[in-house]
Amino acid sequence: MLPSPQRKAKFGKTSVVYFSVLLRLGLGAFRVYSPCEKCGALFSGETGEEIEQPEAIPALDHVWQFSRVLSPAACTSPEVDEYVCERNGEHTMTKELHSLLRHSYNQGVCVMCGKPESEGLEYTLQGDSYVVSGIDTCTDTRLYIPYAYNGRPVVGIADEAFLGNTSITTVTLPDTVRFIGDYAFSDCTSLRDIDFGEGLIEIEDLAFVGSAITRIDLPDSLTIVDGFYGCEELESVDFGRNVKEIGQSAFQFCNSLEDIDIPSSVYRVGSFAFANCANLKEVDFGGSEIAEIEFGIFYESPSLESVDLSGTHIEYVGNSAFYNCPSLSQVLLPDTVESIDVQAFCNCSSLESIELPVSLRYIAAVAFSGAGLTSVTIPAATASINKNAFSHCPDLMEFNVESGNPVYRSDGNCLINTAEKMIVLGCEGSVIPRDESVIGIYSWAFDGISHLTELYISEYMTDIDIFAFVYCGNIQKIEVAEDNTVYCAINNMLVLRESKYVIRACADSVIPSDGSIVGLYDGAFTGCAVKNVYIPACIKSIGHNSFDDCTQIESITVEEGNEYYYSAGNCLIGRNSSGETTLIKGCVNSYVAEGVDVIRYEAFKDCTFTSITIASTVKEIYSFAFQDCTQLTQIIFEGTVEEWNAVEKGGSWDINTGEYVVRCTDGIVEKSAA
């Protein structure tokens, strides 16, 4: 359709500002003029005539008005229009419109351009119609798929039909084509443009993976969109008017997409549909009819800044929906959301605020863990919040609960279960209440809180979970009220009186040798900057993760006479009743001594050594044992290559390590073969 003469278009800057410049001609006299941005000519604001002005004047944008069609659109060339500058009516510019007319074939030849349909393609008969199954002898780089072959309609493109073809640049499909198969145009690295026709119904999952398509305009016949996984050069998508569903991983790894508008006709967007889109910034769901945000829809899309769901009626935000979207700063949720699932906004470090919908009833585990939130207000309708829903939020200083909530209240910036008198969640701004309104703390309530430097346990506290203060590595002082009959403080450690086990310790805590402490619960020293670990002979139990994330340990010593543990090579080693020995914790100055059978999970995690010696007695290395030993360059194994290869190694035992080699007594093993 030709453009209307009444149309106007403005080109140039996004926001056009118009200036009137006053040129002094004499005392008290001024003339109004405007300069042309392109050529610098000045035009009188009164007459439109060109004037002279010697001094440099800031240029203004042209104001373009449509003038005429220079050349109409055809099937091989787009429409070209002319525009004239409103300021003087002399300066012109042209604009090339994007769209082409579709080819119109009659007996295999386009009646407009004379281009014949592609010949020499391979076909396969399916029922009473054909599908294109390969390139065969066709040498065209611009493919025009025929409407018919041997008198029968061509209805599809078969699986892998053009897989790996690097010559095809454009494809035009006839209206008879109903489907495009799996990998049909996969790895067609020169394919940049495709006309889908007006009859397409189905695109299979991986139809275009690895192709170079930059733009897609989907026909109104298509109701389910799929198949563009890994199209890294895809910049824009027009979904058509009738799309109902966007399939699983449909646009995953489409790294050139920057914004998406979901049509109102859409009722479902599948899991991972826009995951791992490196440059996707904005998504607007408009008034789409989707009922939920499914698993991982925007998973690890690092540039995503804004998502507007306010016009929808979603009830559920799914598992990992926005996981690890560090640029996400704005999310608008409708007042229909009832549930936010596990890791939904985990590691959204730019998300400083979010208005939780009044309808919200459930917040799952680590839903907002690692987010940039500064304050949280829990709606009155919220009846269930997982104990670490807001863990590791380094800027979260304030918890509030709307009045009328029957389950929760806030006090001292702690989220408290009212009936149970238990702290559910703390934050960086928390002060633990000291009155009888609080009698306990749930697990993970203060997980990773860095501002917690002093801990006071009142006489009313009788139920503190052993994981309540895990990874609170900055605690410097622990006190317990003398009247507390359940807990006590010993050498800056929170101790359960009955079991004599440590719940929480500090970096300078020293375990006494007098038997007042006999064990360490899991997480006792997690995150502490402890340098010298000393385990007395009286200690009979050490939790598996007691020293997790203690990255500054320099020495580990176990007192002689301990029945359950010993130290060798600056390592903490446990022994069981059958005599098997397990290395529990090492440090930067460690070596694995003779007699060690097993190296436990995360035993050397985050150690900064460049070299470590391992005795030939080791028969098993657990998963993640050397995780994040990024400076590791060599392992000296005191046995043969055959013995090293016989060591049982758990998955990812050396994940994220340096490019080490294993030096055995009779040869070298490269990391890739280790």
Debye, to nearest 20: dipole size of the chain, +1 on Lys, Arg Cβ, -1 on Asp, Glu Cβ: 720 debye
Run down the aspartates and glutamates and flag those whose C-alpha is under 14 Å from the C-alpha of LYS619, throwing out any fewer than 8 positions away in its chain. GLU580, GLU594, ASP597, GLU638, GLU642, GLU643, GLU648
Length released on extending from ASP463 to GLU482, taking residue separation times 0.36 nm less the Cα-Cα span: 5.2 nm
Quick one: what are the phi-derived ³J(HN,Hα) couplings along the range 535-546, Karplus 6.51/-1.76/1.60 with θ = phi - 60°, whole Hz, x for glycine and proline? 10, x, 5, 6, 6, 10, 8, 10, x, 4, 10, 4
Could you rank the peptides 372-380, 82-90, 312-320 by their average count of other C-beta atoms within 10 Å per residue, with the highest value first? 312-320, 372-380, 82-90
Between the range 488-544 and the range 549-620, the Cα center-to-center distance that results, in Å: 19 Å
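Taking only protein heavy atoms into account and a 1.4 Å probe, give the accessible area per residue of the chain in Å². Display every interim value, and only then the final one.
Numbers: 30170 Å² over 674 residues.
Per-residue value: 45 Å².
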With the label point 7 Å along the Cα-to-beta-carbon line of TYR147 and a cut-off under 19 Å to each amide N, the hits in the range 174-214 are 174-179, 195-201
Rounded to the nearest 20 Debye, what is the dipole magnitude of the range 174-324 about its Cα centre when Lys and Arg each give +1 and Asp and Glu each give -1 at the C-beta? 140 debye
Each residue of the range 225-237 in order: what ³J(HN,Hα) in whole Hz does its phi give by Karplus 6.51 cos²θ - 1.76 cosθ + 1.60, θ = phi - 60°, with x for Gly and Pro? 9, 7, x, 10, 3, x, 7, 6, 9, 5, 9, 8, 9
Take each of the peptides 263-270, 499-506, 400-407, average the number of other beta-carbon atoms within 10 Å over its residues, and list them starting from the highest. 499-506, 263-270, 400-407
State which entries of LYS477/LYS605; LYS477/LYS531; LYS540/LYS585; LYS387/LYS585; LYS531/LYS671 exceed 25 angstrom in Cα-Cα distance in the structure shown. LYS477/LYS605; LYS387/LYS585; LYS531/LYS671
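On a 1.4 Å probe surface of the protein chains, which of LYS585, LYS95, LYS531 comes out largest in accessible area, and what is the full order?
LYS531, LYS95, LYS585
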Counting only residues 5 or more apart in sequence or on a different chain, those whose built amide H sits under 5 Å from that of VAL480 are ILE457, ALA489
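Filter the GluC sites (Glu not before Pro) in the range 461-525 down to the DSSP loop ones having no more than 16 other Cβ atoms within 10 Å, then list what survives. Numbers along the way, then the final one.
Numbers: sites: GLU479, GLU482, GLU498; in loops: GLU482, GLU498.
Loop-located and lightly packed - GLU482, GLU498.
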On the accessible surface of the chain, probed at 1.4 Å with all protein chains in place, carbon and sulfur together account for a percent value of 45 percent
Any idea of SER339's accessible area? Nearest 10 Å², probe 1.4 Å. 20 Å²
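The values are calculated or read from the model by the stated rules, or taken from the named source; none is laboratory data. In this text, all values refer to a predicted model and were calculated from it rather than measured experimentally. Positions of Cβ are backbone-derived with ideal geometry, glycine not excepted, and every protein chain shown enters the neighbour counts. The area values use the complete protein model at the heavy-atom level, side chains included, leaving out ligands, DNA and RNA. Shrake-Rupley method; radii C 1.70, N 1.55, O 1.52, S 1.80 Å.
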